[in-house]
1. So, A:PRO894, is that one in contact with an Asp or Glu (Cβ under 9 Å, 6 or more places away or on another chain), part of a loop (DSSP other than H, G, I, E, B), farther than 30 Å from A:VAL602 by Cβ and within 13 Å of another protein chain (Cβ to nearest Cβ) or not?
2. Report yes if A:HIS214 is under 28 Å from A:LEU273 (Cβ atoms), of a type outside the set (Lys, Arg) and either part of a strand (DSSP E or B) or within 14 Å of chain B (Cβ to nearest Cβ) (or both), otherwise no.
3. Every residue in the stretch A:505-555 that is within 14 Å of chain B (Cβ to nearest Cβ) and of a type in the set (Ser, Thr, Tyr), please.
4. Looking only at the stretch B:263-297, which residues are of a type in the set (Gly, Ala, Ser) and either facing chain A (nearest Cβ under 7 Å) or in a strand (DSSP E or B) (or both)?
5. Suppose we keep only residues that are more than 9 Å from chain B (Cβ to nearest Cβ) and of a type in the set (D, E, K, R) within the stretch A:824-857. Which one would you say is surrounded by the most Cβ atoms within 10 Å (Cβ to Cβ)?
6. Give the residue that is farthest from the other protein chains (Cβ to nearest Cβ), with candidates limited to residues of the stretch A:858-870 that are in a loop (DSSP other than H, G, I, E, B) and under 15 Å from A:ILE924 (Cα atoms).
7. Which of the strands (runs of 3 or more DSSP E) found entirely inside the stretch A:332-443 contain at least 3 residues meeting this: in contact with a strand residue (DSSP E or B) (Cβ under 8 Å, 6 or more places away or on another chain) and among the β-branched types (Val, Ile, Thr)?
8. Has the stretch A:543-553 got any residue that is hydrophobic (A, V, I, L, M, F, W, C), in a loop (DSSP other than H, G, I, E, B) and surrounded by 24 or more Cβ atoms within 10 Å (Cβ to Cβ)?
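The values are calculated or read from the model by the stated rules, or taken from the named source; none is laboratory data. None of the values given here were measured: they were computed from a predicted structure. Using ideal geometry, Cβ is built from the backbone for each residue, glycine included, and neighbour counts are taken over all protein chains shown.
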Amino acid sequence: MTSPFRTPQGGRVDRATTVEFTFDGQAFTGHPGDTLASALLAAGRHQIATSISLGRPRGIAAAWAEDPGGLVQVEEPFPEPMLLATTVELADGLVAHGLPGQGRLAEIPDSARYDAVHHHVDVLVVGAGPAGLAAALTAARAGARVALVDEQSEAGGSLLAGTERLDDAPALQWVAAAVAELADHPEVLHLQRATAFGSYDDGFVLALERRTDHLGAAAPRHLSRQRVWRFRARSVVVATGAHERPVVFADNDRPGIMLAGAARTFLHRYGVLPGREAVVFTTNDSAYDSALDLHRAGVRVQAVVDARPEGSPRRREECERAGIRVLAGAVVTGTRGVERVTHALVAPFADGEVGAGSAIACDVLLVSGGWNPAVHLFSQARGRLRYDAALGAFVPGEELDGLSVTGSAAGVPDLAGCLADGQRVARAALSALAIAPAADDRLPAAPEPVVPSAPLVLWRVPDTSGAEGSTSFVDLQRDATVADIARAVGAGLRSIEHVKRYTTIGTAHDQGKTSGVLTSGITAELLGVPVQDTGTTTFRPPYTPVAFAALAGRDRGRLFDPERVTALHDWHVTAGAVFEDVGQWKRPRYYPRPGEDMEAAVLRECAAARTGVGILDGSTLGKIDVQGPDAAVLLDRLYTNLMSSLKVGSVRYGVMCGVDGMVIDDGTVLRLAEDRFLVLTTTGGAAKILDWMEEWAQTEWPDLRVHCTSVTEQWVTFPVVGPRSRDVVGAVFPQVDVANEAFPFMTWRDTTLDGVPVRLARISFSGELAFEVYVNPWYAVAVWQRLLEAGRPYGITPYGTETMHVLRAEKGYPIIGQDTDGTVTPQDLGMGWAVSKKKPDFVGKRSFARVENQNPLRKQLVGLLPVDRRTVLPEGSQIVEFRADGQLPPPPVPMLGHVTSSYRSAALARPFALALVKGGRSRIGDTVHVPVNGTLVPVEVTGSVLVDPEGARRDG
Amino acid sequence: MRPRSSTPRTPGADLPEHPDFLWRNPEPKRSYDVVIVGGGGHGLATAHYLAKNHGITNVAVLEKGWLAGGNMARNTTIIRSNYLWDESSAIYEHALKLWEGLEEDLGYPILFSQRGVLNLAHSLQDVRDSVRRVEANKLNGVDAEWLEPDEVRKICPIVNTSTDIRYPVLGATYQPRAGIAKHDYVAWGFARRADEAGIDLIQDCAVTGFATDGNRVTGVQTTRGTIGAGKVALCAAGHTSVLTDLLGIRVPVQSHPLQALVSELLEPVHPTVVMSNAVHVYVSQAHKGELVMGAGVDSYNGYGQRGAFHIIERQMAAAVELFPVFARAHLLRTWAGIVDVSPDASPIVGRTPYDNLYLNCGWGTGGFKATPGIGWALAHTIASDEPHPYVAPFSLDRFVTGALVDEHGAAAVAH
């Protein structure tokens, strides 16, 4: 399709190049530099879609992100569900269609790359319009580290949409010079196509840079499609401009009805005429520029309708010279047309009363109700807004530390003022940062501003159409009208937040960019209260929508969460291990031999450890090096048992509780020196316990001279377990006397292997004779291989977490987090012995004295033996009283507890389980029932230690 | 089990209209039989049930801002009762049964949609905890099932059940009767009924102090004057401790920002509600079509209704990991509520050292779904001066006795 509405020349599109695109199945052409909207307008197409509820035709109504009309779905080259035609840069092969309000998520996976960058600056300037450029230049010239971000494809802001002159030349020449000068400053980062969308405390601003879409198929593959910039700025300068505000009147939603300033943008920036015959409806002087510029470009301007009784005498004169009719003291009361506006209904307007009107033919109706400063970033940072009655808009109402607003975002009306204000604000920011401004800090000469005639604040034209406001649209995207606001107020609603929720105004794609202030104004009018009292709804990030994928960045797939592997991981993979996710770690769960399932493998691994020797990669256990003169004091306060009495060279098992007296972690503690301990935690608890220690040490006991450091990854740990473990360890470390008397249980020894330091500890998590071997991870594979080699005569068998779990469960050793759930005390676990009676205090002690802690019906850890000797109870099963009839009664059925661990035991030759059972220790010997898949399985309650209750095996 | 919501709606259907009239905006009277401090969901529901169940209508609900403008306006509207502990599942299940009849009771289209909730398991410990909860739910008469990954995919085809993701889905618990509702509609439905019953809903009325006589509260001082009260109920969520500080009562709640977010309106894509603790996501698609998603809790304490952005970024990563199809959706708006969390993550409800002062706070992330249940039970407690059995386990003195209802759940520590 041709582009009959393209001007013969002008605009910032590359007319030498033609790109082809498809909209609603129809082929169009445009130029690089176009947006989808400008290219469609060039073809004479205004309508984009129909509206969400009423199905009314809707078209392009603005030129950028504030457009409430032009929602599209992009299908090619990169499917996206809901975008604005005004912000989609045209690229060859673009395929899109209009959206009646709901987008569609494409099923093809998004394989594009997204990333994020942190950037720290002295001054961040948001917006590269006149004020922003002035601010950025001022800061850059002073030598500050500066970032300038702007959402458009090129710098210039409002200057791109006009014919302003600076230094007696087109203003865009100055823009080009300013951009070039900024590029010469090495400490300046200048980004276009980067929308600052979120503003947080302490100068934290987020921006989304669109890096490749405008390049179409030419986009380099190595570039991320979009990038999130995380700016931390000592000072933020918000120069985000202003959004033009419509006036609401009947049938104000037809395609062809557009903000006046947008028409000027389409003309000057894109070389596109919005129509052939225009009516301009305004309440202020700015729309006269649009009328005059369109007239010069050949558009027949039928009338400028100015709601002010006197209009603007000076602008009227200009219009009359150009032959444009000006109707002052008049308003547009309605329109005709269906898929495109055909007439504006114009009537005299005085003292809020509308007179008899007439229809003026037009194919485009331009509207201006004034300008709303884009205060979003200021407001997101919790800046208070003030209603400016003269502007009819909310402006920044206070100074914020480290964030200032300048230019038209601050309500500054003219170009000269914006330039000067940008410089002033930047200098203030520099001054606060103690950076001296540059000696040569010249701004271009702007024409002397002309004082405009005072604008009229007019939210809506009284509806004379008989529709009672039901076609006077406030939020086009929500199809919400003046009538809806009136209904909300009539329902008793007074808060603007309630009105928003009742009408849904401001909840759509544009988040109320054009409708928000109108709603405040109309609501205030209906309630008869000042607009200041009505206020606005809260501005929330993001300023414009941001793709989920962009925010997810690189944290997808395998990078979603770090995958931690031990130094032996490759060995485990080669050995055919099946892995289990344990926290962030990948741990071997078992090592099946050909033909083995998990059950067979685990029975074999268990038997090896109980009868010969097994070996485990226990490197994931958390390890914390605790050092300092008060190290023992800290541990005494955090563990329930006494650690200060531990002798150097010895090891002690300990339990930690929360302040509620519930077990949070357990593990062994090695005393390395008087002032140094190695604390072992559970794999999953490592980070949490280090945090826990730091929190207490830093916030409650800062007097303690103690430091804690994670050394989890500085040591690998290999438990060598079983009756033959002494033979293996003795063979590999001949310098150590491994005899029981020389190296007793719960002691540790340092040695070396070929000059490499090794620590051995006699710790057992299986009840068997066992040695833990600690070594630097660099030597992990070598030491592991030596142990395997030495163990070969004894059939040494690597085993995984599943076997580890079975072995420890047979001994009744609980796993914190599996056999406990944050409601279990050491006493409940049968570990009253690990709770010191001597220590004056420790975390959790006070809670042990509570009434409920003495309750004999507390749940206690016990063993369970299914009576049929066959059933492996599902972990998590609930336990109920024995029912003689073998039938579950109807709910609610009282529960006694639940199965926490359940396995087949090679040693017992039957399945067994651990469970938390109410008054469990007093039930030992009883039979209870466990519902499994609808049947009741009888189980016998036993003590929790089922293998080697006398502890005969640990010394070999 | 009751039938599913009698008016099935497809996601994306247009929203029903609100009534032409919601409530009066009365001037406060000099005194009331009952003053409820806090015009959120709980305060409004309590007012409704005071009138409906107990005939008590000389009641004021005092709201410092706008009605239902706190967490009621900010939550992700998930309703379920599949809690682990007997005490919790009892009150949430009572609430769910009320939800099932609430549209009729309130005469308001609250868009209660019983589309089911999946709670995903990603580790062996998640599986144990899930089975435990399902078995407990069944024995308590709460609908619950354990689903294998292929069954999860049948219910929600867009969940990534592939085995090669970072934390594969190992299964899920499923509560078919769970679902979502439209939060504002719920609050306004309660408010309108309370107003109809003659209860005064008084907005822009902050409580600044209490008048007491011995161990009785005789009235509240407010920004709109002093208001006498026969009984006072505090339904002020995290600000409850600010109020009780004025009376010298210590209430152990900590307030944290909790963020949520929505996408643009999308064609129906997500048929149920999915929650995952390990890959932190909870998401549904609201009636208009937007994806509604909750993020993680900000770790610092505060009453600011805004959170830190890295929490949102992390949330997006989790969402895209579990739902690859969401990658192209756009974040439209973020916001934060304030979760008031007690030491055992269960609410604090019931009597206080003052004879005629009642507490209701500490609901953490459970407040919305409990709304009708707690309104019902708190109204009973106020009317009869005796904790309703549903709230009796949640008394303040459990932190002295140690009879906690620990909903932090399994610590998920692995060895």
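1. Values: in contact with an Asp or Glu (Cβ under 9 Å, 6 or more places away or on another chain): yes; part of a loop (DSSP other than H, G, I, E, B): yes; farther than 30 Å from A:VAL602 by Cβ: yes; within 13 Å of another protein chain (Cβ to nearest Cβ): yes.
Taking the combined requirement at face value, the residue satisfies it.
2. Numbers: under 28 Å from A:LEU273 (Cβ atoms): yes; of a type outside the set (Lys, Arg): yes; either part of a strand (DSSP E or B) or within 14 Å of chain B (Cβ to nearest Cβ) (or both): no.
Answer is no for this residue.
3. Matches in the stretch A:505-555: A:THR507, A:THR523, A:THR534, A:THR536, A:THR537, A:THR538, A:TYR543, A:THR544.
4. If the condition is that a residue be of a type in the set (Gly, Ala, Ser) and either facing chain A (nearest Cβ under 7 Å) or in a strand (DSSP E or B) (or both), then B:SER263, B:SER276, B:SER284, B:GLY289, B:GLY294, B:ALA295, B:GLY296 are the ones that fit.
5. For the stretch A:824-857, the residue satisfying everything is A:ASP828.
6. Residues of the stretch A:858-870 that are in a loop (DSSP other than H, G, I, E, B), as a first pass: A:858, A:867-870.
With the extra rule that they be under 15 Å from A:ILE924 (Cα atoms), the set shrinks to A:858, A:867.
On the way: A:ARG858: 10, A:VAL867: 20 Å.
Checking each candidate, the answer is A:VAL867.
7. Numbers: elements: A:341-350, A:358-361, A:364-368, A:371-373, A:385-388, A:393-396, A:403-405.
Of the strands (runs of 3 or more DSSP E) lying wholly inside the stretch A:332-443, those with at least 3 residues that are in contact with a strand residue (DSSP E or B) (Cβ under 8 Å, 6 or more places away or on another chain) and among the β-branched types (Val, Ile, Thr) span A:341-350.
8. Of all residues in the stretch A:543-553, those hydrophobic (A, V, I, L, M, F, W, C) come to A:546-552.
With the extra rule that they be in a loop (DSSP other than H, G, I, E, B), the set shrinks to none.
Within the stretch A:543-553 (the criterion being hydrophobic (A, V, I, L, M, F, W, C), in a loop (DSSP other than H, G, I, E, B) and surrounded by 24 or more Cβ atoms within 10 Å (Cβ to Cβ)), the answer is no, since none of the residues qualifies.
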